[in-house]
Amino acid sequence: MRLRLLVALAAGLLTVASCGTGGTTAGSTVTAPAFNDSDVMFLQMMIPHHEQGVLIVQLARDHDVRTAVKELSAAIEVTQESEISDMKHWLTDWHRPTAANPDPQAHTAHGGMRMTDPDLVGALTKTAGPEFERRYLDVLTGHQHSAVELAQTETAEGVNPQAKELAKRIFESRTAEIKQLLAFTT
Amino acid sequence: MRLKRKFIAAAVGACLAPIAVVVLPAATASAHGYISSPPSRQANCASGAVSNCGSIIYEPQSVEGPKGLRSCNGGLPQFAQLNDESKNWPAASVGGTVTFNWVLTARHATSTWEYYIGNTRVGLVNDGGKQPGATVSHTISMGGFTGRQKLLAIWNIADTPNAFYSCVDLQIGSGGPTTPPTTPPTTTPPPTSTTPPTSTTNPPTGGTWAAGTAYKAGDQVTYGGSTYKCIQPHTAITGWEPPNTPALWQKV
């Protein structure tokens, strides 16, 4: 488990974030890095994670779930889409690819399967009736836990103020979302 | 964790020497799972149903310890609150057969799922090393136990020496429903009124915006000296302050 993670991380770092220690450094003696490899990896992993999350919460639109669950899901959808847009802009500004690998599944191996597998979404899609809401809440809760973990790693290891601020907000808001989701579940 | 940092440090160092790699305390263990319903102790902590739980509220999925333990905290001192019997753990009313639902954040290959009341193993599900499905539910007979009971559920991982632990407090009736009630004992909406411990995002200037408030489209609030109009109905939470969430709030 941990070994696989390490190998994936090392490979990702070497291939993707080559010398990602920050923007223009020429001419200044004190060179605080604008961003580091951890910032890049955080954004590159968070973007597909968010995109998967958007696919999950969209399932609430057309299924029989409580109004409050629908409302929370819709709010999660628009806030995560907005964050995706921000994160892509930052990576573009940093001249870094917006994904470490175009295949989102490649990330599954990275963060210890932090991505919610597409087959989870598929399994949810095929679930109907009251069973759907319970499964949906469990899947979404697990998914947001993973976002909290990614954010904690960024808080510990990133240097870019914008990315760290986003990580802080993700940590806070996802923890609060999970609180609501668990209250629905129980 | 330490190895990972070494990789990062090595990769960074190879590129550009003069930056300091600040090594902070470990952020978190990697991820896993717990029982969401009937609510486990860590679920009751993370949902706010039980307060003063410590750091478990941020990672209810991380109660991981060596296989063979019989404690609610998996032997982890930072989660000692889960063993605290003096806490007022709510007991879910259930019948003689209970369906347990798990939240998973990593679908580890699984040897078995075990369910204990005291020293009696009332349930065993053998996955034979398979990866669990999209969601995991087990319907377990309570083996004739009645009244208030503390059930310990154990998720034994196939390819590590570890297991994940969840304690569930139950009030077992006889001949009751075969599944736990889907409605919470309190019919109040989710407990959004309490704010997370870090309230540093609320600037001293404040405003009328408040976490825990349900806002409708069109509602107006002030925050940090500006006025915002709600464009997406939601219950406000820390991390969703108006200046940070243009998808929810439009500056007026």
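The values are calculated or read from the model by the stated rules, or taken from the named source; none is laboratory data. Here the structure is a predicted model, which is why all the values come from computation and not from measurement. As a convention, Cβ positions derive from the backbone with ideal geometry for all residues, glycine included, and neighbour counts pool all protein chains shown. Surface areas here come from the heavy atoms of the whole protein model, side chains and all, with no ligands, DNA or RNA. Shrake-Rupley method; radii C 1.70, N 1.55, O 1.52, S 1.80 Å.
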What is the set of long-range amide H partners of B:Tyr215 at a cut-off below 5 Å, with H atoms built 1.01 Å from backbone N?
B:His234, B:Thr235, B:Ala236
Hydrodynamic radius of segment B:36-153 per Kirkwood, over alpha carbon pairs, in Å:
15.1 Å
Between B:Lys67 and B:Ala210, how high is the FRET efficiency from 1/(1 + (r/R0)^6) when r is the Cβ-Cβ distance and R₀ = 56 Å? Nearest 0.05.
0.75
Segment A:178-185 - phi-based ³J(HN,Hα) in whole Hz, Karplus 6.51/-1.76/1.60, Gly and Pro as x
4, 4, 5, 4, 5, 5, 5, 5
Calculate the FRET efficiency for B:Asp84 and A:Glu51 from the Cβ-Cβ distance with a Förster distance of 45 Å, rounded to the nearest 0.05.
0.65
So how much accessible surface do A and B hide from each other in total, probe 1.4 Å, in square angstrom to the nearest 100?
5400 Å²
